[in-house]
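Remarks on the structure that follows.
The values are calculated or read from the model by the stated rules, or taken from the named source; none is laboratory data. All values derive from a computational prediction rather than experimental measurement. Here the Cβ positions follow ideal geometry from the backbone for every residue, glycine too, while neighbour counts run over all protein chains shown. The protein model used for the area step is the full one, side chains on, heavy atoms only, and it has no ligands, DNA or RNA in it. Shrake-Rupley method; radii C 1.70, N 1.55, O 1.52, S 1.80 Å.
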Amino acid sequence: MLDLVEGGSVWPEIVQLAKAVEGAGADIINTGIGWHEARIPTIATCVPRGGFAWVTKKLKGEVGIPLCTTNRINDPTVAEQILNDDCADMSTV
């Protein structure tokens with residue numbers, strides 16, 4: 001969802017893309033964060049666990065299909081908290 005590169009997608013474009021993916025028939029969206037070229041770390045240990053779940057939460061309500069959050073969710077208790085906080089419909093671990 002966030003590419004984290006200079007000149008990358010802005011939020012309205014991200015929502016537009018998500019709606020287009022849904023409209024094309026997808027039944028779930030994995031809200032991956034960042035590109036390898038991004039200068040902002042997304043999976044390094046300096047990133048808080050679940051630190052990008054807010055992006056998925058922000059997209060909820062924009063589409064009618066389940067959203068799966070990603071990045072630095074490497075503990076089942078973190079995944080469970082993200083779900084309890086209604087940040088996503090599911091989580092990768």
Qualifying residue in the stretch 28-37 (condition: more than 19 Å from Thr92 (Cα to Cα), open to solvent by less than 80 Å² (accessible area, probe 1.4 Å), more than 11 Å from the chain's Cα centre (by Cα) and not hydrophobic (A, V, I, L, M, F, W, C)): no
What pairs can you find where one residue is in the stretch 4-28 and at positive phi and at pLDDT below 95, the other is open to solvent by 50 Å² or more (accessible area, probe 1.4 Å) and of a type in the set (A, V, I, L, M, F, W, C), and their Cβ atoms are less than 9 Å apart, with a gap of 6+ or different chains? Leu4/Trp35; Leu4/Ile40
Checking Val47 against (1) open to solvent by 20 Å² or more (accessible area, probe 1.4 Å); (2) among the hydrophobic types (A, V, I, L, M, F, W, C); (3) touching a residue at least 12 places away in the same chain (Cβ under 8 Å): exactly one of these is not met. Which one? (1)
Starting from the stretch 55-81, keep only residues that are within 19 Å of Ser9 (Cα to Cα), then list their pairs with residues that are open to solvent by 20 Å² or more (accessible area, probe 1.4 Å) and among the aromatic types (Phe, Trp, Tyr) whose Cβ atoms are within a distance under 6 Å, requiring at least 6 positions of separation or different chains. Asn71/Phe52
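Matching residues to (1) at pLDDT 95 or above; (2) among the polar types (S, T, N, Q):
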residue: Trp35; (1), (2): no, no
residue: Cys68; (1), (2): yes, no
residue: Asn74; (1), (2): no, yes
residue: Thr77; (1), (2): yes, yes
residue: Leu83; (1), (2): yes, no
For the stretch 50-85, which positions are surrounded by 20 or more Cβ atoms within 10 Å (Cβ to Cβ) and of a type in the set (Phe, Trp, Tyr)? Phe52
